[in-house]
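First up is the structure itself, then whatever we jot down about it.
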Amino acid sequence: MQQSTEWMRDRADKLKEDVCTLFTPTKDILRRMYLVDEIVHLGIDHLFEKEIETALKDIHETEFTSSNLHEVALRFRLLRERGFWVSPDIFNKFKGDDGNFLNEFAEDPRSLLSLYNAAHLFIHGEPELEEAISFARNHLESMSSHSVLKAPLADQVKRHLRLPLPRTHKRVEMLHYMFEYDQENEHNPVLLELAKLDFNLLQQVHLKELKEISRWWKDVLAYMGLDHIRDRVIECYTWSYAVYHEKDLALARMIFAKLVALTSVLDDTYDVHAYTSIEECRMLNVAIQGWDDSAALLVPEYLRKFYEIILRTFREFEDQIPRNQRYLAAFSKAEFQKLTSNYLEAAEWYHRNHKPSFNDQVALGTATTGTRSLAAGLMLGMGDAATTKQAFQWAVTSTDAIISCGKIGRLMNDISGFKLGSQNKADMACAVEAYIEEHKVTADVAIARINEVLEDEWKTTNQARVDHRAVLPVVQRMINITLGIQLFYGNDCDAFPFGKQLQEVPEDLYVKPMSLL
């Protein structure tokens, strides 16, 4: 029986009060750790941000002397994910005199999985965590292949070997975990019921938004009249949903989804092989740099309505946000203008049959992912608490995590496209092709080397949490952009737009409610 929205809200409010009592300060650090982990994994952490922050500060400041590998790894992961510094030296107690992990842990899958996921929050200069990943992975893969694990742990191991927990699309992972959590004998029924209610209540909001942006997109497509545009509005919204799913961030979510959609159209339009001539690309770029209604006359007639949509949509952004945040809209517009110049440069390379070096290809390829522009639009509609001067300064000047996001997206896209044979031949050579050509190696060698580069970029992403904890709410949204990439391009998947591998994701997220029975 489907419960009414009003009943679900009232019930959720009551359960939230019950959960708040679980945060009562206590010397039982382990109990607080498990509580935070379960709440975060169930996707209801947005309801208890202050309580979680207080708990993690206490956990960080309290001496933890556990000799249980699972518990030590759990603490490490929880704290590092929230930007608290924890030294990898805490794992030394589980190693022998030779510096290797003791064999006794090779038969403990729960501890191995906890270590594996925690170690993926490594930063540069932590080879011991890379060794921990290798140790845990080898033993987990062996256990998984020999089917010695039981559900739900077996499912978690299989899933996280494909995609470590710190790199997952949190809402998709949440759907798996709710089912698994329900199977655990010691699960907290209050947490599980609240998670299901919260998901169903938010799902109503998200489905309404998806219908709204689909109507907007349908009108935009009809007005522009362009035949070369791929229909990816659900993917654009899902990427935005990965960045912020909370009810009070509806405005930011819709703005970001539209920004992704405009970027997608721009990407399709700067295709000098199949759709647009190099002269037309140049004209479009000149107009966008001018950013004025009169500049529409500089654009080829069939692209003028697209140009008008760009200007109109950014004006709507300005009108929707508070006046004291208009500078954020100006910043976003400036980065969008830079993006069009990057697309033009890529089109010029193709037009001249230019064969870039691997590094040059990655640099421009990273720029054309649009992550600088998306990062600039990240704070639009987020509210004063997040859009501080300090956060803005980070977005303008601290580019490491932003570049890493773009590079991860570019390289994962290129690897998946190369393996699946779906690389758009209108684009410049992908990173795999560029590496093969420059270094005269096989595809396997090139992909292995690029995967090493990817791991370095993940280290930079993790470093941003620790280095910029003062603006963590915005930094984490930036990292969420990167995590959204994993949904579309992880595990050699090329699913933007949604491919067969991900056909059930939109239905699970936006249509199917959780059973409350």
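Quick one: is A287 in the same structural domain as V260 (by the TED database) and modelled with pLDDT of 95 or more?
Values: in the same structural domain as V260 (by the TED database): yes; modelled with pLDDT of 95 or more: yes.
So A287 fits the description; yes.
Residue under question is V286, and the condition is that it be of a type in the set (V, I, T), touching a residue at least 12 places away in the same chain (Cβ under 8 Å) and open to solvent by 80 Å² or more (accessible area, probe 1.4 Å); does it hold?
Numbers: of a type in the set (V, I, T): yes; touching a residue at least 12 places away in the same chain (Cβ under 8 Å): yes; open to solvent by 80 Å² or more (accessible area, probe 1.4 Å): yes.
For V286, the condition - of a type in the set (V, I, T), touching a residue at least 12 places away in the same chain (Cβ under 8 Å) and open to solvent by 80 Å² or more (accessible area, probe 1.4 Å) - is met.
Which ones in region 264-302 are in contact with a Gly (Cβ under 9 Å, 6 or more places away or on another chain) and of a type in the set (D, E)? Working first, answer last.
Kept after step one, since they are in contact with a Gly (Cβ under 9 Å, 6 or more places away or on another chain), are these residues of region 264-302: 264, 266-267, 298, 302.
D267, the sole residue that qualifies.
So for region 438-459 (the condition being open to solvent by less than 60 Å² (accessible area, probe 1.4 Å), touching a Gly at 6+ places or on another chain (Cβ under 8 Å) and not β-branched (V, I, T)), does at least one residue qualify? No: zero hits. Answer yes or no: is there a residue in region 87-99 that is in the same structural domain as E53 (by the TED database), in contact (Cβ under 8 Å) with a residue 40 or more places away in the chain and farther than 16 Å from L153 by Cβ. So far as region 87-99 goes, yes, one or more of its residues are in the same structural domain as E53 (by the TED database), in contact (Cβ under 8 Å) with a residue 40 or more places away in the chain and farther than 16 Å from L153 by Cβ. If I go through region 1-25 residue by residue, how many of them are under 26 Å from T62 (Cα atoms) and loosely packed, with under 12 Cβ neighbours inside 10 Å? Result for region 1-25: 3.
Of the numbered criteria (1) free of Cβ contacts under 8 Å to residues at least 12 places away in the same chain; (2) farther than 30 Å from R32 by Cβ, the one N185 fails is (2). Within region 26-85, the set of residues being open to solvent by 10 Å² or more (accessible area, probe 1.4 Å) and in contact with a His (Cβ under 6 Å, 6 or more places away or on another chain) comprises F84 only.
With the structure loaded, tell me whether W239 is within 19 Å of the chain's Cα centre (by Cα) and either at positive phi or open to solvent by 10 Å² or more (accessible area, probe 1.4 Å) (or both) or whether it fails that test. When the stated conditions are applied, W239 passes them.
The values are calculated or read from the model by the stated rules, or taken from the named source; none is laboratory data. All figures in this text were calculated on a predicted structure; none of them were measured in a lab. Methodologically, a virtual Cβ is constructed for each residue, glycine included, from the backbone with ideal geometry; neighbour enumeration extends over all protein chains shown. Calculation scope for accessible area: heavy atoms of the full protein, side chains included, ligands and nucleic acids excluded. Shrake-Rupley method; radii C 1.70, N 1.55, O 1.52, S 1.80 Å.
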